[in-house]
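Undergrad: I have a structure here, written as structure tokens, and I will follow up with some questions on it.
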């Protein structure tokens, strides 16, 4: 089903429920004040966009239900960049690479660390025992949190995974670059955040991988061929992502699986 058809169905359901559902990163989520670091305060996103509201909870419950109907050996967690493995940008690669590995995509568009924390604390992965967890999160915190706060949010997510999926290794990936120019302020903030989250790796239970430079042109710019909106990868970008994490996946899945 196309993304447009799915959005239409979700909007219809939302209207039937008398509510709305969240947009993607172009919208603005309202984050309740906690008096501290909002990146570590588990919360359901409340979107200011009046057209979308119930989408998030629909997706959360749908993901939980569907993930319990099959084995989950490779678990992907994150925001829209992870979510779009389901869409035309990444779906063909997903089917070629990960479908045979019992992979499941829990990514939800618009989420920050605080939203993933809420999901994990409300049973998203309980009873699952993946061979590997792929985690990419934090881009949507750039507007409201410092690199230190975002790092603490990522650390809290890792702690929740280790509590709920004990023994499952975590592949923590650097936040992808965004913005067309290397001078864009968000670039330096992403770099600072990645430097901090890299320290969360222990080389065994938490593995850190930074392949962000692969999305950049030699002059440091991002092309529209790589990221049409300078945020979400194109199919070319998803291919780069898949190739970059493949050596890690190979360590946890038998080689003969890929030969079938």
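Every read-out reported here was derived from the displayed coordinates using simple, explicitly stated rules and does not represent laboratory data. All values reported here derive from a predicted model rather than from experimental measurement. Every residue, glycine as well, gets a Cβ built from its backbone with ideal geometry; the counts of neighbours run over all protein chains shown.
Undergrad: Assuming 0.36 nm per residue, please report the length gained on full extension of the stretch residue 48 to residue 121 beyond their Cα-Cα distance.
TA: Extending this stretch completely gives an extra 23.9 nm.
Undergrad: Pairs of Cα atoms under 8 Å, at least six residues apart: use those to get the relative contact order of region 110-165, whole percent.
TA: Once normalised by length, the contact order is 56 percent.
Undergrad: Which shape class, rounded, prolate or oblate, goes with region 71-259 when its Cα gyration tensor gives a ≥ b ≥ c as root eigenvalues, a/c under 1.5 marks rounded, and past that a/b bigger than b/c marks prolate?
TA: oblate
Undergrad: So how far, in whole Å, is the C-alpha centre of region 104-139 from the one of region 211-235?
TA: Each part reduced to its Cα centre gives a spacing of 25 Å.
Undergrad: Quick one: length gained pulling residue 69 to residue 96 fully straight, 0.36 nm per residue minus the C-alpha distance?
TA: 7.6 nm
Undergrad: In nanometres, what is the gap between the two model label sites at residue 183 and residue 214, each 7 Å from Cα along Cα-to-Cβ?
TA: 3.0
Undergrad: Just to verify a number: FRET efficiency for residue 200 and residue 235, C-beta to C-beta distance, R0 = 51 Å, to 0.05?
TA: 0.95
Undergrad: Let me ask another. Could you work out the relative contact order of region 71-259, using alpha carbon pairs under 8 angstrom and six or more residues apart, expressed as a whole percent?
TA: Values: 297 pairs, mean separation 43.1, N = 189.
Rounded, it is 23 percent for region 71-259.
Undergrad: What does the highest-first list of 202-212, 137-147 look like by mean Cβ count within 10 Å?
TA: Ranked by mean Cβ neighbours within 10 Å, highest first: 137-147, 202-212.
Undergrad: For the residues 66, 129, 232, what sequence is obtained by ranking on other C-beta atoms within 10 Å, fewest first?
TA: Values: 66 11, 129 14, 232 23.
Fewest to most other Cβ atoms nearby, the residues stand as 66, 129, 232.
Undergrad: So how do 221, 82 line up by other beta-carbon neighbours within 10 Å, fewest first?
TA: The fewest-first ordering by Cβ neighbours comes to 221, 82.
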